[in-house]
Amino acid sequence: MKLRQLTIHNIKNLDVELPTQSSIGISGWSGSGKSSLCRAVADEAIKRLVTILPKSQYSFAFPDLVRTNFGALKCGDLPCIEFLDNQPATSNARSTVGTHTFLFKEIRAYFARATGQPSAFFSFNTPLGWCVACKGRGSLRGVPCASCKGSRYAPLVGEFRVSLGGKQIEISTANGLSLAEVLSFASELELSDAGKKVAQNAVDLGIGYLGLDRTVNTLSGGEFTRLLLAEHLGLSTRMLFILDEPGLGLDEKTTNQLLRRVAELGQQNQLWIVDHSQQVLSATEYQLHFGPGSGNDGGCLVKETTVVPPVVPQRGKPPGTTLEFGKLHCRNIALDNLHLPTGVIVAITGESGSGKTTLMRDLIAPRLQERLGTGGFTFIGQGRSKAVTSLSTLATFLGITASLRSIARTKRQPCTFCHGTGESDGATECEWCMGTGMDPEFYRTLVWNGLSVRELLERPIAEIIGAFNAATRERATLDFLVRLGAGYLSLGRKVRTLSTGEFQRVHLARELAAEHTGGQGRIFLLDEPSRGLSQNFLNTFAVSLRELVNTNGSTVYLVEHNAYLLDCADFVVDFGGRKPQVTTLEVLDHEAWAARRHTDTLPDAPVLHSQLASERGISIAATSPAGRHETWEAATREFEAGLLRTLTPTARWIYGTEGSP
């Protein structure tokens, strides 16, 4: 693969030839250019694929891919690329484990054949089958719908039953099967070979306990990563798979097991692994190191990544009052009560799938929200905010645009050409306002040290931070970003272009800065905050958390596997391995937990051999016109049900899981 003059964000005119017969590990500090490289080549490969599709039939599904990326035009020999970046393709409550994997579509087809009804009749995503009250969502304002009792289906659908495991069941019961149960009933359900493989992969990857009706946006990072892999293992060939932090949300033992399955993916595909973990990177055959630093100090290939040692901040004062939570019941959590200390850092850890996220996000967070409100409790999860759109910038996400208007002493006016959308013809960037959606006159206003508003938005935050009053929330937010090593970002940067680690720091800065500017005693619940952060930024992050606790009297609850952040905690709640039911949990101070901590000697991670197999020449699909037509139709169906649906959320909706009957 030849990358020539690749230019994106802090990568400028990168020239490199990469092997196609080796797995590649990509390392570097957060913001050094790792994700930028991967996203650029993946988007360019998809763009080139889309350009050969019939425009009238497919191109409307890919408006974001119409724009030419001039920084990647000279990249050559790009294969078909799938970028598995740990982010659910949708936050839609209709997207479930069953629809995402296509397994539920096969089960609906089985019901249709057995009952003589159309497949759409058994879909909770169509008016034919959904409950009229909740329209197939199963709940109204977070409460199970009374009309369907949360089943998502109209009463008539439940009257049609099929035989499974010696019992007569309705479709809602089938929708409640776990992936392991689906595998055990594979023959009765008449699953395709591909369906059986996905179910088998899920069980082998340790997520067989997930129910088909589990909504995708409730999965932890580790569960979603393995679900994606289950859909591809043994089913994809001659592709490049880029895995972004595959060990995210996994303990070391589970990560090793995952790598052994990922090795199977490399038998007929090439693997790129983006990670900070030496456990993961050491499994690759060839390595790229970005650096030497982040932002403007990164974007270059270096001989090795600078190693920063972990530094644990000094522990603070004793805990404050204790919060009591009773009757905690959800999925495998069955706790009568739980007492959590306040005024300290508490880490919640354990194997992936043990119940950590269910306990803290689905049970504790709603209770705290109800008790304390938004002013006293903040939850920072793994996903990106639903409010993030294609036009969202750091300035809008951080709530700084009003401050910019104040500095400019003028009102923000929408662009008269695109009416504030930032786009022309629904796809290309508006040339008049350069995609900002605002009146260009506003951006030409000189506001600070001879710089215009536009220049304030384009310059690194560290250079223009003086334009904001020191006593404001906006200044505190930007100060926090600089401390976390993200001062190289600009306020005009589109949020969707941020790497995982960059977005994590921006989100943390937005929420935590409010506590530094007068708020006292808030409770923060952070789900895998180490996501995307290299050790140098983890060090400054830990110091900031300790200051929140010691100076502001805040409380921090962390759902984490990262060994360093566990060492920084005052108390630890350790789930251990996955259990069918969690009925008791101990809250141990750090010393007691460390004394009990059981560390297994792990076997070495497997070497991830991979190769990008290629085929040359022409094969004759069929000799007769009818045969060629049939072959073409079959290939089209396979393409739409496979690769096409993965390219964009719009294509997934049309050709894949969420909307198709």
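The values are calculated or read from the model by the stated rules, or taken from the named source; none is laboratory data. The model shown is predicted, which means the values in this text are computed figures rather than measured ones. Here Cβ is always computed from backbone atoms with ideal geometry, including for glycine, and neighbour counts include all displayed protein chains. All accessible areas refer to the heavy atoms of the entire protein, side chains included, with ligands and DNA or RNA removed. Shrake-Rupley method; radii C 1.70, N 1.55, O 1.52, S 1.80 Å.
With a 10 Å radius around each residue's Cβ, average the other Cβ atoms per peptide and rank 246-254, 119-127, 93-101, highest first. If you can, show how the numbers build up before the last one.
On the way: 246-254: 22.6, 119-127: 20.9, 93-101: 24.3.
So the peptides 246-254, 119-127, 93-101, ranked by packing, come out 93-101, 246-254, 119-127.
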- Query: Which lysines, on any chain, are close to Lys149 with Cα under 23 Å apart, when same-chain ones fewer than 8 places away are left out?
  - Reply: Lys105, Lys135, Lys167, Lys327
- Probe 1.4 Å, all protein chains in place: accessible area of Lys196 in Å², nearest 10? 80
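For the chain, what is Rg from Cα atoms divided by 2.2 N^0.38 Å, rounded to two decimals? Don't skip to the answer; put the middle values down first.
Working: Rg = 25.7 Å, N = 661, 2.2 N^0.38 = 25.9 Å.
Compared with the compact-globule rule of thumb, the chain sits at 0.99.
State to the nearest 20 debye the size of the charge dipole of segment 310-383 about its Cα centre, where the only charges are +1 on K and R beta carbons and -1 on D and E beta carbons.
That gives segment 310-383 a dipole magnitude of about 140 debye.
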- Message: If the reach is capped at under 30 angstrom between alpha carbons, list the lysines near Lys12, excluding any in the same chain fewer than eight residues apart.
- Response: Lys2, Lys34, Lys47, Lys74, Lys303, Lys494
- Excluding Val312 itself, calculate the net charge of residues whose Cβ lies under 11 Å from the Cβ of Val312, where each Lys or Arg counts +1 and each Asp or Glu counts -1. +1
- Ser277 neighbourhood, Cβ < 10 Å, K/R = +1, D/E = -1, net charge -3
- Message: Need one number: % antiparallel among DSSP beta bridges in the chain, to the nearest 5.
- Response: 50
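Near Ala542, within a Cβ-to-Cβ distance under 14 Å, what is the net charge of the other residues, with Lys and Arg +1 and Asp and Glu -1? Please report the intermediate quantities before stating the final value.
Details: positive: Arg315, Arg483, Arg505, Arg546; negative: Glu547, Glu560, Asp567, Asp570.
Charge balance near Ala542 sits at 0.
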- Item | Inter-centroid distance (Cα atoms) of segment 226-254 relative to segment 352-384, Å | 27
- Item | Overall form of segment 71-163 per C-alpha gyration tensor (a/c, 1.5; a/b vs b/c) | oblate
- Rank by packing, highest mean first: peptides 159-169, 37-47, 570-580, with packing defined as the count of other Cβ atoms within 10 Å averaged across residues. 37-47, 570-580, 159-169
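Residue separation times 0.36 nm, minus the C-alpha to C-alpha distance between Leu156 and Ala626: what's the value?
Values: separation 470, 0.36 × 470 = 169.20 nm, distance 4.16 nm.
Net length gain for the segment: 165.0 nm.
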- Task: For His276, His329, give the ranking by accessible area with the largest first, probe 1.4 Å.
- Result: His329, His276
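Starting with the highest mean, order 281-292, 522-533, 22-33 by the number of other Cβ atoms within 10 Å, averaged over the residues of each peptide.
On the way: 281-292: 19.5, 522-533: 24.2, 22-33: 25.9.
Answer by packing, highest mean first, reads 22-33, 522-533, 281-292.
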